[in-house]
1. Based on this model, can you work out whether Glu93 counts as over 17 Å from Cys10 (Cα atoms), out of contact with any Pro (no Cβ under 7 Å at 6 or more places or on another chain) and assigned to a helix (DSSP H, G or I)?
2. Inside segment 7-43, can you point out the residues that are acidic (Asp, Glu) and under 16 Å from His71 (Cα atoms)?
3. Hey, Ser107 hits all of (1) more than 25 Å from Thr25 (Cα to Cα); (2) modelled with pLDDT of 95 or more; (3) more than 16 Å from the chain's Cα centre (by Cα); (4) not basic (Lys, Arg) but one; which does it fall short on?
4. So how many residues does segment 68-89 have that are more than 13 Å from the chain's Cα centre (by Cα) and surrounded by fewer than 16 Cβ atoms within 10 Å (Cβ to Cβ)?
5. Residue by residue through segment 31-48, note down the ones that are surrounded by 12 or more Cβ atoms within 10 Å (Cβ to Cβ) and without any contact (Cβ under 8 Å) to a residue 40 or more places away in the chain.
6. For segment 1-24, name all the residues that are at pLDDT 95 or above and among the polar types (S, T, N, Q).
7. Please list, ordered by first then second residue, the pairs with beta carbon atoms under 9 Å, 6 or more apart or interchain, first in segment 83-94 and within 9 Å of His63 (Cβ to Cβ), second assigned to a helix (DSSP H, G or I).
8. Residue check: is Trp45 over 16 Å from Tyr99 (Cβ atoms), touching a helix residue (DSSP H, G or I) at 6+ places or on another chain (Cβ under 9 Å) and of a type in the set (Phe, Trp, Tyr)?
Amino acid sequence: MNIEEFTEYCLSKPGVTEEFPFDETTLVFKVMGKMFALTNLEGDWCISLKCDPERAIQLREEHPAIQPAYHMNKTHWNMLCMDGSLNPKLILELTDHSYRLVIDKASSPTLLRRRRESGQ
């Protein structure tokens, strides 16, 4: 998998946008206005994905290329070092997991009620 394939995969998901909110080399993918993936365009290629906390720990123990995400909440975000050691199917599955976490949280009844109340 390369960065073009990863970008294409992310953008194929419903409601996904891409932007550069931090700098010109950090590409961020959002759904419903919330980040679910980000990647660097320079240096060693890495992908940061949201993850269930228990699963995040398990993945870090099983895969040396999966580490706590740099500059992110390390309880909820993993960084995948794209050194060729991770199975592309795992990368896509973890991308789907991150996307679903954001969708599920943004679609929660409590959050939807708060948005209605605030006029969003």
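The values are calculated or read from the model by the stated rules, or taken from the named source; none is laboratory data. Keep in mind that this is a model prediction, so the values were computed, not measured. So basically every Cβ, Gly included, is an ideal-geometry build from the backbone, and we count neighbours across all protein chains shown.
1. no
2. Asp23
3. If we test Ser107 against (1) more than 25 Å from Thr25 (Cα to Cα); (2) modelled with pLDDT of 95 or more; (3) more than 16 Å from the chain's Cα centre (by Cα); (4) not basic (Lys, Arg), just (2) comes out false.
4. So the count comes out to 8.
5. Residues of segment 31-48 that are surrounded by 12 or more Cβ atoms within 10 Å (Cβ to Cβ), as a first pass: 31-32, 34-41, 45-48.
Result: Leu38, Thr39, Asn40, Leu41, Cys46, Ser48.
6. Listed by number, the residues that qualify are Thr7, Ser12, Thr17.
7. Pairs that qualify, where the first residue is within 9 Å of His63 (Cβ to Cβ) and the partner is assigned to a helix (DSSP H, G or I), are Leu86/Leu94; Leu90/Leu59.
8. yes
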